[in-house]
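Read through the structure below, which is laid out as structure tokens, and then see the notes.
The values are calculated or read from the model by the stated rules, or taken from the named source; none is laboratory data. Here the structure is a predicted model, which is why all the values come from computation and not from measurement. Here the Cβ is made from the backbone with ideal geometry for all residues, glycine too, and neighbour counts use every protein chain on show. Surface areas here come from the heavy atoms of the whole protein model, side chains and all, with no ligands, DNA or RNA. Shrake-Rupley method; radii C 1.70, N 1.55, O 1.52, S 1.80 Å.
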Amino acid sequence: MKKSLITGFFIFLLTFTAAIIAPLVFMTEYTGRTAMDRMEKLAPLLPEQKFIYFNLLGSSEERFIAVGFYIFLIAFLASLFLGSKILKAIKDLQTAADAVNGGKPAAAVPLPSDGELRDIARAFNSLMLALGQKDAELQRKNHYMGMMVDALWVINDENLVVEINPAFTRLLGYEPEDVLNYRVFEFVDEEGEKILRKHLLGCAQGHSSSCELRLISKPGSLKPVTISWSPIFGEEGEVTECLGILRDFMKETELRSALKEALDYQRAIMDSMPEKLIVLDQDLRIVMANKAASDAAPGGLTGKQCHWAYGYEDCTAADCPVKKVLSTGGPQSEIIGRIAGGQQVHHEVIAYPVENVQGAVRHVVVVFRDITEKRRFEAEIKKKNTELGSLLDISKTLNQSLKSEEVFAPVIEKLLALMGMDGGCVFLLDEMGPELSLKYSKGLSAGFLEENKTFTTGQDIPGKVASTGRIFTTADLTADTRTEASAFRHTGMKACLATPMQGNEKVNGVIMLFSFAGREWTEMDEDLIGGAGQAAGMALENIRRYEKMRQLFTHLKWRRDEERKKVAQVAAAVAGISDPDRMLDSLLVILQDLMQSDFIWLLERDETKGLVVRSAPGGGISRGLAPYGKDVRGLEADALEKGGILTAIGENAEAAFTVPPCLEAGRYKAACAIPVPVGEGGGQPPKWAIGLYFRRFRQPGPEDLSFLRMMADILHMALEKARLHKEASLGKSMAGTILDSIEDGIIAVDPHGSVTAINRTAAVMAGTTGAEAMGRVFTGLFKDNAENARLNLLLIEGLTESLKGRHQYRELAMMTANGMLLPIVLTSYPVLDEGSEGGGVAGVVFALRDLTRNQEITRLKNEFVRAVSQEFKDPVSAILGMSEMLMDGELPAGKEALYLKAILSEGRQIERIMTDYLNLAEIDGGPERLRLSPLDMGKLIADVVREFGPAAARRGIGIGLEIKGGLRPVEGDAAKLKYILRNLLENAITYSGENGSVRIEAAMDADAIALTVKDTGWGIPEADRPHMGEKFYRGSLSGDTKGTGLGLSLSKQIVQMHGGTINIDSIAGEGTTIRLRLPLRRQPGEQNNGD
Amino acid sequence: MLVDKSEIPSVIPGAGLSVALAFAALGVSALYPSLDALLISLVLGMFAANFLEKGSALEAGVRFCVSFVLPAGVGLYGSQLLLSGVGPFWPYVLGAGLLIFAITFLVARGFGLEDEMTLLLSAGLSTAGACAIAMVSGVLGTEAQDTSASIISVITVGLAGMLVFGFYPQGLGIAPGKLAFIMGATLPSLGMVTSFGAPLDPGAIRLAASFKLLRVVLLGILLLVISFKSKSAPRCRRFPWFMIPFAVLVLAVNLLGGGSRLSAALAPSSQFVTSVGLAAVGLGVELDSAPRRGMMPFATSLFAWGISVLFIYLVMRTL
């Protein structure tokens, strides 16, 4: 490697140096000058003049050393990288060597380029190849030796064991380490050593031989073996080793004895067989026979033809199973029959082939089995099966029949067929008596039957069989001494059999079978007929039981129908009654009738009185009566406490039976109390009980009790229904009232748009009635014209939106039925169905609100604001202006008082206006706002007249006051009434011309005071008259006069609040007369709305 | 404290040897000015490490010099960067550095080198040769074998390039200024630039050295980026702190009045300190790592550097 590295280094060094120097040399030779000269020459040609070059070969020794050093350094460093290939090759070799040392086969290492290393690698690869071949050969050899069944060992010329195989270990138990390199004589005894030495000597001389001897196995036992010796020759033909093949001699001996044992077993098995067994050769000659076969042929069978074995003279049958076996090669079986000793004999012949190793049939094993007896048993079993089938048929017929009359014919027919008889008859024993009646017969004459329809028990054959319960048989009736007196003796029948029809409890009848010929009866015949009779008897019992059940069922069905009718009757009675009391009475009457009781009532538990009568129809007992008093518990109280029905009959009562005093004690013998469930589902403790009283002894049966419970439940349901009906009616009425009381029009529709409810306002708008509107489509309610087209559209839109759960609000105009065009607000609301899953919408409610009043209110509000502003504007402006002038001192001397007066006047005007508005607000609060007290009306009028005297005098108006008679005190609000008087008087003065007159008269008129204010003023123009008394309305003549337009309106309202009236008569240009009538006492809630 | 007091005895052998080698290199360089002290100290370190039995006694001192003395030396070299010479060329210098980095990176990936080896070679060729490889290796924590193979590859390629530039300046057919640019922008070590600056005039040598020193800025940026990516390196190694004195000195030398005097005064110091650091780097180099790593690092460096220089040269020819 070092050589390679050094070589690489120098090659690189030389190359690199040459690469640097050669161009310079070239350039020098080319120009014939030094490189320096060349560079100096080239310098002016280059882009920049100042060109400096490196003087390699110049005088600088230092630079030369530097360059050399650098070249050396580069070469050194570069060679380091070049050395990487050598290192890799060495590493590959080392890895391969490590693998071989580790016992693993090494792959061929790649050949490096380096010469020495390449040779080494090539040699290494050759060595690896040879090693691999040897290793494979060794493995093959070991494999073969391991596969050998026979044991082997190899002995060298020093008599040492040098090789054994796994079979050797299996034979003698020695592992290789126990044997290898040990002397061979250590594994034999003295005798064996001699034999061994002799054969090893022969083998060493090149001879093969074999010997038998005993080797000492590892456990210490001697193992007999045969050893075959073969010499192993070396390359030069000399014997190097001896190979001994060992076979287990013990195994052969064991095999022989085992074979003998097997043959002995075979013989024993063959001889133990009851069947004859022979073995035939291909010529059908017997080569072997078992004991049964040999015993049957005293002369011996061996060598004879096969048919000798089973007594046939010859065997020419084509279907001989032995021949078939020889021809087909498969096992065969055949039944062969013949007559022997006058009887039919059957043999089953079974033949099996015995094949040699080539698969050819060499022998046939034949087994003969005598199946004559088996055949006989099979015939008998078949017959029994037939009989059993007949019996099963009879049993089936009996079981399937529900009428006794229909049973006997088929049964007798089947029995006759089964037994081979000529006729038969059936007698049935009466259930209540000892008489046997003929029910069916076949084969007997009509005359005989006419005379012998019945027998009593013990009489004749049927009677005796019925009484004893035993079977009677006779082979010949005419010769039997037991039947000398029998009526059947002269019918011609001979053989006869009679069997009782035995049921579970008793004999139900007799079956007789007979034949016109004699016959011996076997025990089996008797068993057969006895079984048939028993089956018939039990079937008869079942049929009778069934018939009883059918009757019972019919009765029960009839009873159930009756109960249904009763319930239907009760339901019909209560269906049309909604009044609980009436319903109770009706139900109780029906129940009394149904139970056929003599008295019935319904008692209710009361907390204070105990039980009280709730209803007692026809008993003359009043409702609310406590029949038992507080100290006595009745049957009803016990039933309520128990929560179930109680019955009582005299001394056998289930509970205390005390006839209440209100009933006649001693008249009633039995009673029954039924608690009535209470509440929804009857879940609460009962507080009502029905009492039923009977004058006769009567014990209600289970059906009665069940019926009573049902009736109690019906009563409970009926009461619940009546309660719910009442609540529903009340709710409906209330809802209708609420709807009608709403000023807005309300229409409810279902999801399909059909009207389900409508209130009065909506009906008026639509020009219909609630009854007419119900069920109609809501869009057809209103007048069909252009004005209502939008309404109908919005109704449909509202329905659609509300069905989605949304509200809708729309303003529009509609035309009512009477042609009025109303501004309305249409609102739709969904009606949620709380019972449905997910909160579905059950319908929609539309509300139609008339906006006319709202608009009027808005107008009035605007008017009011305008009036207030107007009224306040002038006085406030005047006050402000004059106040500023006073403060500025700009007034002429002596005018201050005048201005102050004017300010006072304007202030009072403001006060008056405010008073009007305050009164208006108070009056809007209703009559309850009045502060009533007894008033002297005359004094009040006089005070007001006096108050206005100076003002009237300033205008030259005379005021006349006349109070006729005495005025009685009036109950009224002094301030309000004074306001009326001032207002009337002020108007009269204001609207009268100068020098006019105002006259006031007051007098009693029944229970009221009549007041008249008459002026000679301008009067009221005709156009203004309808509006007089309206708020904020001022007449056309008011001009610049100050006022709010509220005075007359307020006066009118105050009078009405006092229960009085006010009337205005006016003629334009002549004057106005106002008549006021004020009652002495206002009636509560009274408010006169007259003019 | 850079070194714990208790560790000072263990630092002394390695640091002492590095100092001794640096003195030897300076001596050789004084005798033969063409043999640059920086290069010689690195080479001496390499030979000393591989032909002497260095043992583990030197490890702490070598580590200390590589980690602290070498960056300090690089920082001091900021005093030698004259921006007036660099003038408007600094973007082109940095662009050339980035170009070499990118080409080396792509070639290394193309040759199937590992990530760390790729970064080491790219940093070494594009910025500051062995110094850059040693510093990047410190941040990445690469194996000594990779570091050594990278240093040997880059030094070998750099030396070859240095000789080419030294022998054939006229053959390149470009002006000294452009040659200075190519040398400063492509040679991996300052020593390679200055040793064979003889073909150029002194001004061009200084310009080439300034170009070379300007690429140290790239090293700072590269270390900053790698330190953010690498979580394994110690915190003190992550941040390229030497860039602070480097930048301070650059500003001082170029902006202060006596900048040139300061530069001249710090020149021996910076050379000595860097030589000590490079001697330590050389002591850490295992020469047998080159054959172990095979030809690929060397081939990558040679190929990438050749392409880069050819490209830059062609561009310079057209300008």
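Assuming charge only on the beta carbon of Lys and Arg (+1) and of Asp and Glu (-1), the dipole of the protein assembly as shown about its Cα centre is about 3300 debye to the nearest 20.
Taking Cα centre as origin and charging only the Cβ of basic (Lys, Arg, +1) and acidic (Asp, Glu, -1) residues, the dipole magnitude of segment A:381-550 rounds to 400 debye. Each helix, a run of at least 4 DSSP H residues, gives -39500 (n - 2.57); summed and divided by the residues of the protein assembly as shown, these come to -17500 deg cm²/dmol at 222 nm.
Pairs exceeding a 20 Å alpha-carbon distance, out of A:Lys396/A:Lys557; A:Lys464/A:Lys506; A:Lys141/A:Lys223: A:Lys396/A:Lys557; A:Lys141/A:Lys223.
So what's the net charge close to B:Val93: Lys and Arg +1, Asp and Glu -1, counting the other residues with Cβ under 10 Å from its Cβ? So the surrounding residues net to +2.
Of all aspartates and glutamates in the structure, those lying under 15 Å Cα to Cα from A:Lys194, and not within fewer than 8 positions of it along the same chain, are A:Glu186, A:Glu212. Residue-normalised convex hull volume from the C-alpha trace of the protein assembly as shown: 742 Å³ per residue. In terms of accessible area, using a 1.4 Å probe and ignoring ligands and nucleic acids, A:Tyr144, A:Tyr1033, A:Tyr440 rank largest first as A:Tyr144, A:Tyr1033, A:Tyr440.
Between A:Thr386, A:Met595, A:Leu1048, the Cα set farthest toward the positive side of the dipole of chain A (charges on each charged residue's Cβ, about the Cα centre) is that of A:Leu1048.
Measuring max minus min along each principal axis, the C-alpha atoms of segment A:576-727 give extents of 45, 36, 29 Å (largest first). In summary, the lysines within cross-link reach of A:Lys323, defined as a Cα separation below 23 angstrom excluding same-chain residues under 8 places away, comprise A:Lys276, A:Lys304.
Would you tell me the accessible area of A:Glu405, worked out with a 1.4 angstrom probe on the heavy atoms of the protein chains, in Å² to the nearest 10? Around 130 Å² of this residue is reachable by solvent. Dividing the Cα radius of gyration of chain B by its Kirkwood radius returns 0.95 for Rg/Rh. Placing unit charges on each Cβ (+1 for Lys and Arg, -1 for Asp and Glu) gives chain A a dipole about its Cα centre, and among A:Ala297, A:Ala771, A:Gly206 the Cα reaching farthest toward its positive end belongs to A:Ala771. Here the peptides A:541-552, B:282-293 are ranked by packing, the mean other Cβ count within 10 Å, and the order with the highest first is B:282-293, A:541-552. Distance from the C-alpha centroid of segment A:781-846 to that of segment A:869-891: 58 Å, rounded to the whole angstrom. When all protein chains stay in place and ligands, DNA and RNA are ignored, the 1.4 Å accessible-area order of A:Lys453, A:Lys901, largest first, is A:Lys901, A:Lys453. Note on A:Phe368: accessible area is roughly 10 Å² with a 1.4 Å probe, heavy atoms of protein only. Here the Gaussian network model covers chain B, with springs between Cα atoms less than 10 Å apart; of B:Leu278, B:Leu121, B:Leu44, B:Leu44 fluctuates the most. Pairs from the list A:Lys939/A:Lys976; A:Lys901/A:Lys939; A:Lys609/A:Lys642 with a Cα-Cα gap above 18 Å: A:Lys901/A:Lys939; A:Lys609/A:Lys642. Accessible surface of chain A, 1.4 Å probe: 55 percent of it comes from carbon and sulfur atoms. Rounded to the nearest 20 debye, the dipole size of segment A:744-850 about its Cα centre is 220 debye, using +1 on the Cβ of Lys and Arg and -1 on the Cβ of Asp and Glu. Solvent exposure of A:Ser126, expressed as accessible area, is near 70 Å², computed with a probe of 1.4 Å over the protein chains only. Restricting the GluC sites (Glu not before Pro) of segment A:746-840 to loop positions (DSSP other than H, G, I, E, B) with no more than 10 neighbouring Cβ atoms within 10 Å leaves A:Glu834, A:Glu837. Accessible surface area normalised per residue over the protein assembly as shown is 52 Å², counting heavy atoms of protein chains with a 1.4 Å rolling probe. Between the residues A:Ser997, A:Ile74, A:Gly610, the greatest Cα displacement towards the positive end of the dipole of the protein assembly as shown, with unit charges on the Cβ of Lys, Arg, Asp and Glu, is found for A:Ser997.
A straight Cα-to-Cα reach below 16 Å connects A:Lys384 with the lysines A:Lys374, A:Lys414, residues fewer than 8 places away in its own chain not being considered. Interface size, chains B and A: roughly 3400 Å² of accessible area buried, both sides included, 1.4 Å probe, rounded to the nearest 100. Counting 0.36 nm for each residue step from A:Met549 to A:Thr800 and taking away their Cα separation leaves a gain of 83.7 nm. When only alpha carbons of segment B:52-127 are considered, Rg and Dmax amount to 17.2, 50 Å.
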